[in-house]
Amino acid sequence: MQSDLGDCFSEIKKHLMHETKVCFIGTPCQVYGLKSYLRKEYDNLVTVDLVCHGTPSPKLWKKYLDEQKDKYHSEIDDIVFRNKTYGYHSGTMRIRFKNQFVYYGSARVDPMLKSFFAEISSRPSCYQCHFKSVERCSDFTIYDCWHANNLVEGLVDDDKGFTNLIVQSSKGERILDRIADRYELYATNLEKAIELDGTMICHSAEPHPRRDEYYLNLDKETLRAHIQKFVPIRIRDYLIEKSKGIFYRMGVYKFLKNKK
């Protein structure tokens, strides 16, 4: 979901001018926007960009939340988009409601995630992103590392999650040198890391052919009913989702996943 920056840029400028150290983390277009707003480099500013898949409409997100609150008869306490419900390789949407109910749903069955990963919900500009390149204007680029054990010989994937890190500037190099002893760092082959997990570094999301139709009729029915006409959630998907929870509680889910 796209973040609401509000008056973030002006607040950052105030902190920078008072020589406060600031770290800004956002999508590449947001980092570019901040630097364009500032019009000069600041030694006390560190920028980190996330490799972005695209951002859906805020209207879609509001509809999703409203329907979830109606369904579970409660306001929402917090939301995690990539909860490690079944480990790092199988992130799920987790919504904790104020009535103590907790909802979980993967991209297989959750209508918001299903829309997102089917490429039917992103903004038109995200399908033609101008910031898709290995070199960025930030100090660091970060993105998911699903294949850590294929990049580092002898490394055991504990399924807690690794992150790919690209150092983009001399400032980034200096910072990484200073903090390296606090992290578990491995040098890897950049081209291989991009090939395995970084396809979105240089490629925009592919627009779904029915994307315009999807948004045109969005208000006419529930999101779960609406998505069935475009990227349907099938009974098989619900059965697989249910079995994941059972196998995970039995301790065999990770074994079955590794056998794929």
Check: Just checking, how many residues over segment 72-92 are touching a helix residue (DSSP H, G or I) at 6+ places or on another chain (Cβ under 8 Å), modelled with pLDDT of 95 or more and not acidic (D, E)?
Finding: 1
Margin query: Of the residues K69, K63, K13, only one is assigned to a helix (DSSP H, G or I), in contact with a helix residue (DSSP H, G or I) (Cβ under 7 Å, 6 or more places away or on another chain) and under 30 Å from K244 (Cβ atoms); which?
Written below: K63
Next item on the list: Report yes if D177 is at pLDDT 95 or above, open to solvent by 100 Å² or more (accessible area, probe 1.4 Å) and either under 23 Å from the mean Cα position of the chain (by Cα) or not hydrophobic (A, V, I, L, M, F, W, C) (or both), otherwise no.
Entry: yes
Item checked: Residue that is surrounded by the fewest Cβ atoms within 10 Å (Cβ to Cβ) [pool: residues in segment 61-84 that are free of Cβ contacts under 8 Å to residues at least 60 places away in the same chain and under 18 Å from F162 (Cβ atoms)] -> R82
Check: Of all residues in segment 37-56, how many are open to solvent by 50 Å² or more (accessible area, probe 1.4 Å) and under 17 Å from the mean Cα position of the chain (by Cα)?
Finding: 1
Next item on the list: Count, please, the residues in segment 155-169 that happen to be surrounded by 15 or more Cβ atoms within 10 Å (Cβ to Cβ), part of a strand (DSSP E or B) and among the polar types (S, T, N, Q).
Entry: 1
Check: Condition test on L216, is it modelled with pLDDT under 95 and either open to solvent by 100 Å² or more (accessible area, probe 1.4 Å) or charged (D, E, K, R) (or both)?
Finding: yes
Item checked: Residue satisfying all of: in segment 100-116; of a type in the set (A, V, I, L, M, F, W, C) and without any contact (Cβ under 8 Å) to a residue 40 or more places away in the chain; surrounded by the fewest Cβ atoms within 10 Å (Cβ to Cβ) among these -> V102
Checklist line | Subset of segment 4-36 (residues that are of a type in the set (D, E, K, R) and surrounded by 15 or more Cβ atoms within 10 Å (Cβ to Cβ)) | finding: K13, K35
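The values are calculated or read from the model by the stated rules, or taken from the named source; none is laboratory data. Please read these numbers as outputs of a predicted model, since none were measured by experiment. Note that each Cβ is placed from the backbone with ideal geometry, even for glycine, and that neighbours are counted across all protein chains shown. Surface areas here come from the heavy atoms of the whole protein model, side chains and all, with no ligands, DNA or RNA. Shrake-Rupley method; radii C 1.70, N 1.55, O 1.52, S 1.80 Å.
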